[in-house]
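Following: one structure in structure tokens, then a few remarks.
The values are calculated or read from the model by the stated rules, or taken from the named source; none is laboratory data. None of the values given here were measured: they were computed from a predicted structure. Cβ atoms come from the backbone with ideal geometry, glycine included; neighbour counts cover every protein chain shown.
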């Protein structure tokens, strides 16, 4: 099992100016950093990969899609745009030397249609993701679509819906991304949710219910850790927490207050907590 820290704690666009943060993560004991892929090109991410190599960190990547790049849109042109956007993100992920591209890859973020999902939308999403996974295979990248809470998407909210989508895609380069924050809201039993996802599980975010320091909130950590160990999960466990350091991003995800005294304590205290919990489970 490898432990990472999501750089969204500080920024949506990691540059050379953040190398000191990357060094700090390495000093804390993290194995890697999760790099957001929202802007930039392959050359930019190749340079970041060199910086990560200097620091001694492995890496994963995360991204999302907007209404102009929606895999479940009824218009084939919009779905093609979504596929093109995913291919761009895969290229950036490959350039930085990451092995996972995670996030809500299945549908556009915060785009709602006043109802729940239907079979056509699952089919459209699976078709786009299957093509993206085939492209990712050539780059040595694992795609990991993430279930989000019902306030951020409507297609995939629960662990059962996440497994359903992964099984519809049915591609070896795509596996489920489980996030404890979202599943705290949407699944009634954390241990059962992880267990249900286990056959398709490929990536994990360890995130508190308030997006603060893991272990200080309401997430069922004991049940989560026990299920991960019982499933013999050996992929990435990435801590995800958010701050107000990037005001535009904070507004987009509704972070209106601080959840800790300093972002650094998310890394130090959070990593110690999850390592101790997984070791004891």
Some residue of region 255-264 being part of a helix (DSSP H, G or I), out of contact with any strand residue (DSSP E or B) (no Cβ under 6 Å at 6 or more places or on another chain) and touching a residue at least 40 places away in the same chain (Cβ under 8 Å): yes
Pick out the one residue from 71, 36 that is buried (at least 24 other Cβ atoms within 10 Å of the Cβ), farther than 16 Å from residue 139 by Cα, at pLDDT 95 or above and within 21 Å of the chain's Cα centre (by Cα). 71
Over region 173-192, the set of residues touching a strand residue (DSSP E or B) at 6+ places or on another chain (Cβ under 9 Å) and farther than 17 Å from residue 222 by Cβ is 173, 174, 175, 176, 177, 179, 182
Condition check: farther than 28 Å from residue 92 by Cβ and at pLDDT 95 or above. Does residue 189 satisfy that? yes
Checked 136, 98, 58 against criteria (closer than 20 Å to residue 202 by Cα, touching a strand residue (DSSP E or B) at 6+ places or on another chain (Cβ under 6 Å) and surrounded by fewer than 20 Cβ atoms within 10 Å (Cβ to Cβ)); the one match is 58
Quickly run through region 181-200 and pick out the residues that are in contact with a helix residue (DSSP H, G or I) (Cβ under 6 Å, 6 or more places away or on another chain), surrounded by 24 or more Cβ atoms within 10 Å (Cβ to Cβ) and more than 16 Å from residue 234 (Cα to Cα). 183, 193
Please go through region 193-219 and give me each residue that is closer than 19 Å to residue 170 by Cα, in contact with a strand residue (DSSP E or B) (Cβ under 6 Å, 6 or more places away or on another chain) and not in a strand (DSSP E or B), ordered by number. 197, 200
What is the residue count in region 230-240 for residues that are under 17 Å from residue 203 (Cβ atoms) and not in a strand (DSSP E or B)? 6
The listed residue being under 19 Å from the mean Cα position of the chain (by Cα) and at pLDDT 95 or above, out of 240, 265: 240
Could you go through region 66-85 and let me know if any residue there is in contact with a strand residue (DSSP E or B) (Cβ under 8 Å, 6 or more places away or on another chain) and not in a loop (DSSP other than H, G, I, E, B). no
Selection within region 1-18 - in a helix (DSSP H, G or I) and buried (at least 17 other Cβ atoms within 10 Å of the Cβ): 7, 8, 9, 18
Considering only residues that are touching a helix residue (DSSP H, G or I) at 6+ places or on another chain (Cβ under 9 Å) and more than 30 Å from residue 56 (Cβ to Cβ), look in region 77-95 and name the one that is surrounded by the most Cβ atoms within 10 Å (Cβ to Cβ). 82
